[in-house]
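One structure is given here, and the rest of the page talks about it.
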């Protein structure tokens, strides 16, 4: 061992030796750097930085948030479950019970608020026993009305909620969340892409060294820089997704590294989706604020109208005689508007929220684990496919610049 080092000693002090030794090292660094840059440019920055339209950059995913979110829905979400199915899995009867649990203790305050607003003097003059009867009748009527409301919502949920708009809107408004969908699903793959660039680049660098020693022409280093930057990205992307299904070669079994992690990815991905995108609260908010909000709001108003009749019934007179038709219409409108305003409030209870999320998460996770590889790769593949060639070419360009720099600064221009 000592004699071998002594034999090598004359070369270790030779500048030419270190110049040549730098070729595979630089190639490895180029492979690592170009792959790292490709991942960074895919996700960052969230907003355009520079001077529009061409002088600057925005992460590929955030810059095409609408298209990427739409692909995400079409390639993945619709294959895991329909909105009616997911809503049924959330158990509408439990949702109704949660609404009643939260709203019932506040019904007296809401009743006072509405009645004072419509006819302050009359409500103040109403005897306390009569008020108590009104409170009781409203509280007794509420559960049945909420059950009927949720039953109709369950039957018409696709008419009331635009599922694609719900998901796409959430992701477009929050590009950081869109990034997380890909980053948390493919965290291991992104690390592999970056690290593999170093090793693939080093191996290409050994070939580059052999060519340079035999054929030291000025174009060799820049040309190999292009090859390293291009090939390391291309190889890494293909190793992630190919082969789709396990292939045995001798004692070894090969499959794309992302596809081998299907169970692990399903657990992380479904947790994020149900926590941040598809849950009871987001569905209710999409219902009362989304493209079909007018239909949903009218449904809520119509289903809550009987509360008005219950409120005036204890006066034991026809409703119109008691408060007047015009005043009655105003009360109905106020009750309906208040019900719409309060629609999402019961789901601020995070214990209930998480409980329903876990149910949906379990369904989505099971189905994702059972997805065929052709469908499962659609979870991460669009992240690269949308501008895959652009990323590879960026790697090639960076490799060219590194090779040119090495030619000029290490070998003095060849």
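The values are calculated or read from the model by the stated rules, or taken from the named source; none is laboratory data. Predicted, not measured: the structure shown is a model, and the values here were computed from it. Because the Cβ atoms are built from the backbone with ideal geometry, glycine has one as well, and the counts that use them run over all protein chains shown.
Yes/no matrix, rows are residues, columns are (1) part of a helix (DSSP H, G or I); (2) over 28 Å from residue 76 (Cα atoms); (3) modelled with pLDDT under 85:
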| site | (1), (2), (3) |
| --- | --- |
| 170 | yes, no, no |
| 178 | yes, no, no |
| 182 | yes, no, yes |
| 191 | yes, no, no |
| 197 | yes, yes, yes |
| 200 | yes, yes, yes |
| 205 | yes, yes, yes |
| 210 | yes, yes, yes |
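Residue by residue, here is whether (1) modelled with pLDDT of 80 or more; (2) in contact with a helix residue (DSSP H, G or I) (Cβ under 7 Å, 6 or more places away or on another chain); (3) within 27 Å of residue 234 (Cβ to Cβ) holds:
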{"residue": "347", "(1), (2), (3)": "yes, yes, no"}
{"residue": "357", "(1), (2), (3)": "yes, yes, no"}
{"residue": "382", "(1), (2), (3)": "no, yes, yes"}
{"residue": "393", "(1), (2), (3)": "no, no, yes"}
{"residue": "396", "(1), (2), (3)": "no, yes, yes"}
{"residue": "409", "(1), (2), (3)": "no, no, no"}
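Here is a check on your reading of the model: is residue 124 without any contact (Cβ under 8 Å) to a residue 12 or more places away in the chain, in contact with a helix residue (DSSP H, G or I) (Cβ under 9 Å, 6 or more places away or on another chain) and either within 28 Å of residue 260 (Cα to Cα) or crowded, with 16+ Cβ neighbours inside 10 Å (or both)? No, not satisfied.
Scoring residue 218 on the criteria (1) part of a helix (DSSP H, G or I); (2) modelled with pLDDT of 75 or more leaves a single failure, condition (1). For region 142-150, state whether one or more residues are part of a helix (DSSP H, G or I), touching a helix residue (DSSP H, G or I) at 6+ places or on another chain (Cβ under 6 Å) and more than 30 Å from residue 108 (Cα to Cα). Scanning region 142-150 turns up no residue that is part of a helix (DSSP H, G or I), touching a helix residue (DSSP H, G or I) at 6+ places or on another chain (Cβ under 6 Å) and more than 30 Å from residue 108 (Cα to Cα). Of everything in region 188-213 that is in contact with a helix residue (DSSP H, G or I) (Cβ under 8 Å, 6 or more places away or on another chain) and over 19 Å from residue 227 (Cα atoms), the residue that is surrounded by the fewest Cβ atoms within 10 Å (Cβ to Cβ) is 188.
One residue alone among 388, 361 is surrounded by 15 or more Cβ atoms within 10 Å (Cβ to Cβ) and modelled with pLDDT of 85 or more, and that residue is 361. Would you check if there is a residue in region 89-96 being surrounded by 14 or more Cβ atoms within 10 Å (Cβ to Cβ), under 24 Å from residue 382 (Cβ atoms), modelled with pLDDT of 85 or more and within 24 Å of the chain's Cα centre (by Cα)? No, region 89-96 contains no residue that is surrounded by 14 or more Cβ atoms within 10 Å (Cβ to Cβ), under 24 Å from residue 382 (Cβ atoms), modelled with pLDDT of 85 or more and within 24 Å of the chain's Cα centre (by Cα).
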